[in-house]
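Any read-out appearing in this document is the output of simple, stated calculations on the displayed coordinates, not a laboratory observation. This is a predicted model, so every value here is computed, not measured. No Cβ is skipped: glycine too gets one built from the backbone with ideal geometry, and neighbour counts run over all protein chains shown.
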Amino acid sequence: MHADTRVVHLRVPVPDSTPLSVPLYQTSSFAFDDPDPLADGLNRPDGPFVYSRFANPTVRALEETVAELEGGTAAIATGSGMGAVSLLLHSLLRAGDHVIAQHTLYGGTHAALRKLADRMNLTVTFVSGHDPEEVRDALTERTRILYLETVANPTGHVSDLPALAPIARRAGVTTVVDNTFATPLLCRPIEHGADVVLHSVTKFLGGHSDVTGGIAVFADDALHREVWAEAVEFGAVPDPFAAWLTLRGLQTLPLRIDRHKGNVARVAGFLAGHPAVERVLWTGSPDHPSHAIASAFVGGFAAPFCFDLAGGHEAGLRFQKGVRVIKLAPSLGGTQTLILHPASSSHRQLDADALRAASIGPGTIRIAVGIEHPDDLITDLDQALSAV
């Protein structure tokens, strides 16, 4: 062959030993000598690798790893957490359907439900998540999804999944649980009746603020195959490099979660005793409304939490400008401690009534505690609160 051809058709060695790191298959397509396996790979999620929008070896390694961690049968990775949320809603809902959801949802999910309701004539009933009778009363013939978050953003609200999921299952309703804040190390919702578990892998699973991604894990193989067919057309797939970064981050998840838990407890205790703080909503505190429910099936408290400043919105602005070690930034679950003002950022899509229903006030601050030394975090909080 001419040099022009040889430099295009590179030789790819196939090792006869096992690499310690998952290989990065940064390729869009795969070549075949036979057309039959090519056609096969385009028709099923567990077939040969053909085109990376359908399946990719690095992405599948992530899907299989998270599915195993969650106790599911299979998973679909997406390009973002909202990609996973949107894929599920678009795949499972039809015009005129009904959704039951807890009040305290992430703002992006709340907005997605509202827009779908407008476009598809959906109805959405919001419930507390603590009362099984409330869910029973909300069920209709058109109810298709019960949507919950293991630990809600940012108030730490925990719905009684073990009590609610069986009600949904008996009614033929699919229970979808966003487990981003708990991770499969602290809760495995499928064991408590969930049909689908979602994650923004941007957060704890990736854990280093260097990747954007999402994933949906399925308890049932048939539902996975149904949604996979939609995912192929939806096109919200992750880049293989993003999947590779997430896999690398996953290997330190147990170490990071342990450090997060210890730091969160120290920081929450400090804030609870500070005169500039009106209220601390940390699920690990016995006075949190969800503490008893969470203690029954969530194995620890590492998630971000929120607190209310006594001075309201203006105090919140001054506090955000006053931190030095802690960063003012969106997202969470990484190594650095981050703060955010939910009413003007993560939950900006909610009107005043919806914010009140979600227990988010004008002076509410969300803090995602990182893995720094807790004394340095407390010192920084103290000086910023003193300025407030």
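Placing unit charges on C-beta atoms (Lys and Arg positive, Asp and Glu negative, everything else neutral), compute the dipole magnitude of the stretch 120-248 about its Cα centre in debye, rounded to 20.
Dipole size: approximately 160 debye.
As a test, work out the antiparallel percent of DSSP beta bridges whose residues both lie in the chain, rounded to the nearest 5.
Around 55 percent of the beta bridges assigned by DSSP in the chain are antiparallel ones.
Tell me the mean residue ellipticity at 222 nm calculated for the chain from its helices only (DSSP H runs of n ≥ 4, each -39500 (n - 2.57), averaged over every residue, nearest 500).
One gets -12000 deg cm²/dmol as the mean residue ellipticity at 222 nm.
If the viscosity is 1.002 mPa s and the temperature 20 °C, what translational diffusion coefficient in µm²/s does Stokes-Einstein give for the stretch 253-387 when Rh comes from Kirkwood over Cα pairs?
Calculated translational D: 142 µm²/s.
Sort the stretch 57-125 into rounded, prolate or oblate with this rule: let a ≥ b ≥ c be the square roots of the eigenvalues of the Cα gyration tensor; rounded if a/c is under 1.5, and if a/c is not under 1.5, prolate when a/b is larger than b/c, oblate otherwise.
Prolate.
Most mobile of PRO342, PRO275, PRO154 per a Gaussian network model of the chain (Cα springs, under 10 Å)?
In the Gaussian network model the winner is PRO275.
By the gyration tensor of its Cα atoms, with a ≥ b ≥ c the square roots of the eigenvalues, what is the shape of the stretch 223-262: rounded for a/c under 1.5, prolate for a/b over b/c, or oblate?
Here the stretch 223-262 falls in the prolate category.
Report the label-to-label distance for ARG324 and GLU133 in nanometres (one decimal), using points 7 Å from each Cα along the Cα→Cβ vector.
It is 5.5 nm.
What ³J(HN,Hα) values, in whole Hz, does the Karplus curve 6.51 cos²θ - 1.76 cosθ + 1.60 give for the stretch 299-313 when θ = phi - 60°, with x put for Gly and Pro?
Running phi through 6.51 cos²θ - 1.76 cosθ + 1.60 with θ = phi - 60° gives x, x, 10, 10, 6, x, 9, 10, 9, 9, 8, 4, x, x, 4 Hz.
For the chain, with a Gaussian network of springs between Cα atoms less than 10 Å apart, report the residue from GLY108, GLY322, GLY312 with the top mean-square fluctuation.
GLY312
In this model, which of LYS115/LYS327; LYS261/LYS321; LYS203/LYS327 are farther than 21 Å apart at the alpha-carbon?
LYS115/LYS327; LYS261/LYS321
Please give the Cα centre distance for the stretch 85-131 versus the stretch 244-299, rounded to the nearest Å.
When both Cα centres are located, 27 Å separates them.
Putting +1 on Lys and Arg Cβ atoms and -1 on Asp and Glu Cβ atoms, find which of SER159, LEU42, LEU116 reaches farthest to the positive end of the dipole of the stretch 35-250.
LEU116
Which value, to two decimals, describes the C-alpha radius of gyration of the stretch 35-250 once divided by 2.2 N^0.38 Å?
The value comes to 0.98.
Calculate the dipole size of the stretch 253-387 relative to its Cα centre from +1 charges on Lys and Arg beta carbons and -1 charges on Asp and Glu beta carbons; express the result in debye to the nearest 20.
The dipole of the stretch 253-387 has a size of about 260 debye.
May I ask you to sort GLU63, GLU372, GLU314 by Cβ crowding, counting other Cβ atoms within 10 Å and putting the fewest first? Don't jump to the answer; show the numbers that get you there.
On the way: GLU63 24, GLU372 16, GLU314 12.
Final ranking by Cβ density, sparse to dense: GLU314, GLU372, GLU63.
Out of PHE305, PHE32, PHE204, any idea which swings most in a Gaussian network model of the chain, alpha carbons joined below 10 Å?
PHE32
Using amide H atoms built in the peptide plane, which far-off residues or other-chain residues are under 5 Å from THR202 H to H?
Under 5 Å from the amide H of THR202 lie the amide H atoms of GLY81, GLY213, each far enough along the sequence or on another chain.
Determine the distance separating the Cα centre of the stretch 164-187 from the Cα centre of the stretch 1-59; give it in Å without decimals.
36
So how far apart, in nm, are the two label points at LEU24 and PHE241 if each is 7 Å from Cα heading toward Cβ?
Label at LEU24, label at PHE241, 0.6 nm between them.
Quick one: Karplus J couplings for the stretch 117-126, per residue in order, coefficients 6.51, -1.76, 1.60, θ = phi - 60°, nearest Hz, x for Gly and Pro?
After applying 6.51 cos²θ - 1.76 cosθ + 1.60, I find 4, 5, 7, 10, 6, 7, 10, 10, 10, 9 Hz.
Would you work out which of LEU338, ALA292, LEU271 lies farthest towards the positive end of the dipole of the stretch 253-387? Charges go on Cβ: Lys and Arg +1, Asp and Glu -1.
Positive-end residue among those listed: LEU338.
Please give the contour-minus-distance gain from ASN121 to ASN43: 0.36 nm per residue of separation, less the Cα-Cα distance, rounded to one decimal in nm.
24.9 nm is the gain from fully extending ASN121 to ASN43.
Quote to one decimal, in nm, the extra length available between GLU278 and SER344 on full extension: 0.36 nm per residue of separation minus the C-alpha distance between them.
Details: separation 66, 0.36 × 66 = 23.76 nm, distance 1.94 nm.
Separation in residues times 0.36 nm, less the Cα-Cα distance, equals 21.8 nm.
Quick one: grab the alpha carbon gyration tensor of the chain, order the square roots of its eigenvalues as a ≥ b ≥ c, and give me rounded if a/c is under 1.5, else prolate or oblate depending on whether a/b is larger than b/c.
Oblate.
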